[in-house]
Amino acid sequence: MTLTSRIRKIASLTALTAVAGSAALAGSASAATIGSPEVALPGATIPVNFAAFKEPADNKLPQNYRIVRRHVELVRGEKASTVLTAPKGFKIVTVGIGDGRQIGAVVDDTRYAGKRSVRVNVFTNNSVVAKGATAKGTLYILARRAY
């Protein structure tokens, strides 16, 4: 065995040990669970009160509107980011959060109205969610047909 091959073997063994050690220290990392988008069609019941939208008296979604929702699960203290996208041919009117109070959300670009998608940062409400528990919630966008 030559000196350079011995040095390479020692260096690779050291790097492998460092990677394995850092993975052991990290513990089990839990990832946020963000469900696939579900689209509500006209005639469906409006699930939340959307800002800047006057709901009809019967609380049914009118023609030319769609609601896209995504279910989110986060471990307490976890943060995640997702993109909410309106169906093709539709533009966003407003964004909403379900009534659970377990999650919170902030949009990156506050000028999302009239666009097709918006990035939303999601976080847990640590005053409501116990340590080690999972927060569950729903994100919504209300979209209107683009003319």
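The values are calculated or read from the model by the stated rules, or taken from the named source; none is laboratory data. Remember, predicted model here, so these are calculated numbers, not experimental data. Cβ atoms come from the backbone with ideal geometry, glycine included; neighbour counts cover every protein chain shown. Accessible surface is based on the protein model in full, side chains and every heavy atom, while ligands, DNA and RNA are left aside. Shrake-Rupley method; radii C 1.70, N 1.55, O 1.52, S 1.80 Å.
Data for the structure
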{"read-out": "Cβ-Cβ under 8 Å pairs, at least 6 apart or on other chains, the stretch 101-118 side of a type in the set (Val, Ile, Thr), far side open to solvent by less than 90 Å² (accessible area, probe 1.4 Å) and in a loop (DSSP other than H, G, I, E, B)", "value": "103/125; 118/109; 118/112"}
{"read-out": "Scope the stretch 71-80; condition closer than 16 Å to residue 35 by Cα and loosely packed, with under 14 Cβ neighbours inside 10 Å; matching residues", "value": "79"}
{"read-out": "Single condition residue 68 does not satisfy, out of (1) buried (at least 17 other Cβ atoms within 10 Å of the Cβ); (2) closer than 19 Å to residue 49 by Cα; (3) among the aliphatic types (A, V, I, L, M); (4) without any contact (Cβ under 8 Å) to a residue 60 or more places away in the chain", "value": "(4)"}
{"read-out": "Selected residue (only one of 131, 60, 88, 54 is exposed (fewer than 12 other Cβ atoms within 10 Å of the Cβ) and modelled with pLDDT of 95 or more)", "value": "88"}
